[in-house]
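Below: the structure, in structure tokens.
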Amino acid sequence: MSAGVSRRDWLLSEQPASRRQAKLGQAYRTWVQLRRNKLAMVGLGIVLVLVLAAIFADVIAPYDPLSGGDLRTARLLPPSWAHLMGTDDQARDIFSRIVHGSRLTLMVVAMVAVIATPIGLAVGTTAGYFGGWVDTVLMRITDIFLAFPRLILALAFVAALGPGIENAIIAIAITSWPPYARLARAETLTIRNADYIDAIRLQGAGSGRIIWGHVVPLCMSSVIVRVTLDMAGIILTAAGLGFLGLGAQPPQPEWGAMIASGRRFIIDFWWVATMPGIAIFVVSLGFNLLGDGLRDVLDPKAAQ
Amino acid sequence: MTASNTKGLISVRDLGVTFGHGTNEVKAVRGVSFDVAQGESFGIVGESGSGKSTVLRAICGLAPTSAGTITFQGEALKAPRQPAFYRDVQMVFQDPYASLHPRHTIDKVLSEPLAIHGLDDPEGRVERALEDVGLGQGFRFRFPHQLSGGQRQRVAIARALILEPQVLLLDEPTSALDASIQAEVLNLLDALRHKRGLTYVLVSHDLAVVAHMCERLVVMQHGREVEELTRSALQHHEATQEYTRNLLVASEGFKAKGTST
């Protein structure tokens with residue numbers, strides 16, 4: 001990079017000089033486009049706050065999230081400067097619990113995305129690319145998973161595997177891949193007869209290389225958008241499992257479980273159930289806004 | 001070059017291509033035969049839906065052969081084709097806007113066939129391939145959407161040539177381009193053929209393009225072969241079939257209005 005050329009010009013160069021510059025330039029263009037969308041930026045901000053809260057939970061949280069204060073004097077205190085969101089029935093600071101709960105939420109979201117997205121992509125692109133009986137078998141399996149209500153299937157898995165946050169993650173991941181498989185298959189069907197796929201076939205490429213290197217990158221953007229939009233639902237499912245006592249176990253500060261424990265005093269001590277509810281609402285909204293913005297940028301078809 | 005006889009590098013005999021089953025059955029190609037010699041440029045002409053592109057796709061294995069045989073270098077081709085086949089036979093598609101992967105840089109497009117076949121010196125080969133089709137190194141890391149139609153088609157030609165094939169199958173390589181770019185691309189193809197001793201099979205609906213590029217041609221209609229002609233026969237209006245004469249008249253009429261040379 002010569003001294004006179006600014007970083008921006010380097011990124012937006014029409015004649016990139018290296019693979020890295022071409023890739024970074026493409027990413028920068030996407031970022032510039034996303035930045036124009038104010039609501040998506042709000043969503044991204046919320047997600048970033050969640051991530052930062054999870055990383056620096058020990059620094060941010062003023063109290064211990066697991067063990068409370070004096071049970072005689074500090075139980076069910078209303079929000080005040082000492083306890084920003086009040087305290088619960090175990091005399092624990094709710095704000096500290098919510099900050100630490102962001103770790104669990106983020107873990108659920110990240111793990112489900114990491115497990116479900118590749119499964120969905122692999123099943124969908126394979127079915128779409130090969131067609132025929134491969135398609136029939138894979139998509140009927142997908143249909144079976146789709147036919148179950150998500151929460152009920154997750155419940156069944158948790159019941160079989162035992163309650164706990166890890167099992168809740170597995171259960172949610174297993175129930176959330178079918179829509180991605182459907183989506184990836186639909187995208188693959190429109191791609192597989194394209195000239196550029198024929199061209200790479202004529203170069204002698206095998207099916208694995210074509211699916212991974214040529215089909216998946218094109219399905220990726222719509223699947224990413226869909227996963228981001230589904231994050232809200234995943235958080236709610238995790239919270240729902242926690243609420244039913246099948247997700248995170250006490251005394252873990254999981255938001256859904258916190259609502260469940262606050263339910264008993266909801267009339268007299270509204271903040272116990274409301275504060276984690278607000279946290280779930282804000283984070284779900286953040287992922288939805290970000291997903292909408294990503295869709296406009298990554299999926300030009302939907303934007304029109 | 002292991003061609004046993006100079007007569008047929010590629011030899012197509014009674015080729016039939018059928019799509020679909022039962023009532024949806026479409027016979028796209030019915031009993032087409034021709035030979036293409038080493039170093040020759042062979043044309044296939046016909047209107048839309050005459051099955052000319054299907055013949056090309058059948059040769060490279062993209063369309064199923066339901067009858068007849070296709071021989072390359074004296075050996076009957078089997079489906080699916082062996083990887084080695086693609087080192088000898090490559091194809092350039094009609095629409096340069098559809099034949100390049102939208103998310104791959106030109107560099108990736110050109111290096112991938114080298115990676116598949118494990119050829120040495122990929123960097124040098126990509127650079128040379130770009131030079132050969134008249135694109136500078138400045139194009140190497142661009143994405144297809146940053147190129148014009150003519151430049152894209154040059155990339156497609158570079159991709160087809162990077163495996164150093166003997167045969168290039170050209171499926172209306174210029175019909176999606178502006179008239180001024182068409183001539184550029186045709187001249188490039190002509191120059192490359194002479195430089196490398198390539199064999200071309202060119203499909204076109206444009207008799208002028210075929211007359212310019214090919215020594216021999218076959219005229220197709222409704223999936224059937226109408227007649228086979230040499231370039232001089234075409235230029236001297238020695239077509240024996242009514243259909244070919246009509247096609248000739250149609251193209252002449254267009255020529256008289258368009259470019260009076």
**OP:** Scan segment B:114-136 and give yes if some residue there is touching a strand residue (DSSP E or B) at 6+ places or on another chain (Cβ under 6 Å), more than 9 Å from chain A (Cβ to nearest Cβ), more than 23 Å from residue A:193 (Cα to Cα) and buried (at least 19 other Cβ atoms within 10 Å of the Cβ), otherwise no.
**Re:** no
Subject >> Hits in segment B:202-227 (condition: within 13 Å of residue B:41 (Cα to Cα), over 12 Å from the mean Cα position of the chain (by Cα) and not charged (D, E, K, R)) >> reply: B:209, B:211, B:212, B:217, B:218
Original post:
(1) among the hydrophobic types (A, V, I, L, M, F, W, C); (2) within 18 Å of residue A:15 (Cβ to Cβ); (3) in contact (Cβ under 8 Å) with a residue 60 or more places away in the chain: which one isn't true of residue B:157, the others all being true?
Top reply: (2)
**OP:** Would you list the helices (runs of 4 or more DSSP H) that sit entirely within segment A:50-158 and hold 3 or more residues that are over 18 Å from the mean Cα position of the chain (by Cα) and farther than 26 Å from residue A:220 by Cβ?
**Re:** A:57-60, A:94-130
Original post:
Across segment A:249-267, what is the total count of residues that are in a helix (DSSP H, G or I) and in contact with a Pro (Cβ under 9 Å, 6 or more places away or on another chain)?
Top reply: 7
Original post:
Based on what the data block shows, is residue A:182 within 30 Å of residue B:85 (Cβ to Cβ) and either assigned to a helix (DSSP H, G or I) or away from chain B (no Cβ under 14 Å) (or both)?
Top reply: no
Original post:
Restricting attention to segment B:82-99, which residues are touching a residue at least 40 places away in the same chain (Cβ under 8 Å) and touching a Leu at 6+ places or on another chain (Cβ under 8 Å)?
Top reply: B:86, B:87, B:89, B:90, B:91, B:92, B:96
Subject >> Within segment A:193-210, considering residues that are more than 8 Å from every other protein chain (Cβ to nearest Cβ) and polar (S, T, N, Q), the one nearest to residue B:95 (Cα to Cα) >> reply: A:193
Original post:
So, in segment A:17-43, of the ones that are over 18 Å from residue B:138 (Cβ atoms) and free of Cβ contacts under 8 Å to residues at least 40 places away in the same chain, which residue ends up farthest from the other protein chains (Cβ to nearest Cβ)?
Top reply: A:38
Original post:
So which of A:131, A:164 is within 18 Å of residue A:256 (Cβ to Cβ), surrounded by fewer than 20 Cβ atoms within 10 Å (Cβ to Cβ) and not hydrophobic (A, V, I, L, M, F, W, C)?
Top reply: A:164
Subject >> Only one of B:240, B:230, B:244 that is among the hydroxyl-bearing types (Ser, Thr, Tyr), crowded, with 16+ Cβ neighbours inside 10 Å and over 15 Å from the mean Cα position of the chain (by Cα) >> reply: B:244
Subject >> Residue tally, condition surrounded by fewer than 13 Cβ atoms within 10 Å (Cβ to Cβ) and touching a Ser or Thr at 6+ places or on another chain (Cβ under 7 Å), over segment A:42-64 >> reply: 1
**OP:** Could you grab the pairs with beta carbons closer than 7 Å, sequence gap of 6+ or different chains, first residue in segment B:116-133 and over 24 Å from residue A:208 (Cα atoms), second one among the aromatic types (Phe, Trp, Tyr) and part of a helix (DSSP H, G or I)?
**Re:** B:130/B:139
**OP:** Would you check if residue A:213 is more than 10 Å from chain B (Cβ to nearest Cβ) and surrounded by fewer than 20 Cβ atoms within 10 Å (Cβ to Cβ)?
**Re:** no
**OP:** Can you give me the number of residues within segment B:39-83 that are touching a His at 6+ places or on another chain (Cβ under 9 Å) and assigned to a helix (DSSP H, G or I)?
**Re:** 2
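Read-outs throughout are calculated quantities, based only on the coordinates presented, and are distinct from any laboratory measurement. Quick caveat: nothing in here was measured; it's all calculated off a predicted structure. Glycine also receives a Cβ, built like all others from the backbone with ideal geometry; neighbour counts cover every protein chain displayed.
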